[in-house]
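Inspection log for the structure reproduced underneath, given as structure tokens.
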Amino acid sequence: MSKQLLRCGTSIGANLSEALYGVSRNDFIAKVFIALKETAETEYWLELLNKTGYLSDAEYDSINDDCKELIKLLTSIAKTSRDNITKE
């Protein structure tokens, strides 16, 4: 489980780095959505690690709060970017 958490957790940043150099706005949005999906997966693995006792409640709460904030940010970026395409 911890390896899965590492994979999806680090994938968030990798996809955002790719988004910055996207060849089009659609490519940028696609990478942001992938990062959003990876953040949701990270949240899932954190919950499992907490429920199985690998993460304490305090550790889980701290990291999960960060995940929730990241989901809010990425959702806002994705929606704003997508809305700007429809206006063009």
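Annotations
- Of the helices (runs of 4 or more DSSP H) contained entirely in the chain, those carrying at least 1 residues that are of a type in the set (Gly, Ala, Ser), touching a helix residue (DSSP H, G or I) at 6+ places or on another chain (Cβ under 7 Å) and at pLDDT 95 or above fall at 2-20, 25-51.
- For the stretch 1-35, the candidate set comprises residues that are of a type in the set (Val, Ile, Thr) and within 14 Å of residue 71 (Cα to Cα); within that set, the residue that is surrounded by the fewest Cβ atoms within 10 Å (Cβ to Cβ) is 34.
- Taking (1) under 20 Å from residue 5 (Cα atoms); (2) open to solvent by less than 50 Å² (accessible area, probe 1.4 Å) in turn, residue 66 satisfies each apart from (2).
- Where residue 58 falls short, out of the listed (1) open to solvent by less than 60 Å² (accessible area, probe 1.4 Å); (2) among the hydrophobic types (A, V, I, L, M, F, W, C); (3) more than 13 Å from the chain's Cα centre (by Cα): (1)
- Here residue 85 clears all of (1) over 16 Å from the mean Cα position of the chain (by Cα); (2) open to solvent by 80 Å² or more (accessible area, probe 1.4 Å) except the condition numbered (2).
- Just one residue in the set 19, 35, 78, 30 is hydrophobic (A, V, I, L, M, F, W, C), in contact with a Leu (Cβ under 7 Å, 6 or more places away or on another chain) and farther than 20 Å from residue 2 by Cα; that residue is 78.
The values are calculated or read from the model by the stated rules, or taken from the named source; none is laboratory data. Source: prediction; values computed, not measured. FYI the Cβ positions are ideal-geometry reconstructions off the backbone, even for glycines, and counts take in every protein chain you see. The accessibility values were calculated without ligands, DNA or RNA, using every heavy atom of the protein model including side chains. Shrake-Rupley method; radii C 1.70, N 1.55, O 1.52, S 1.80 Å.
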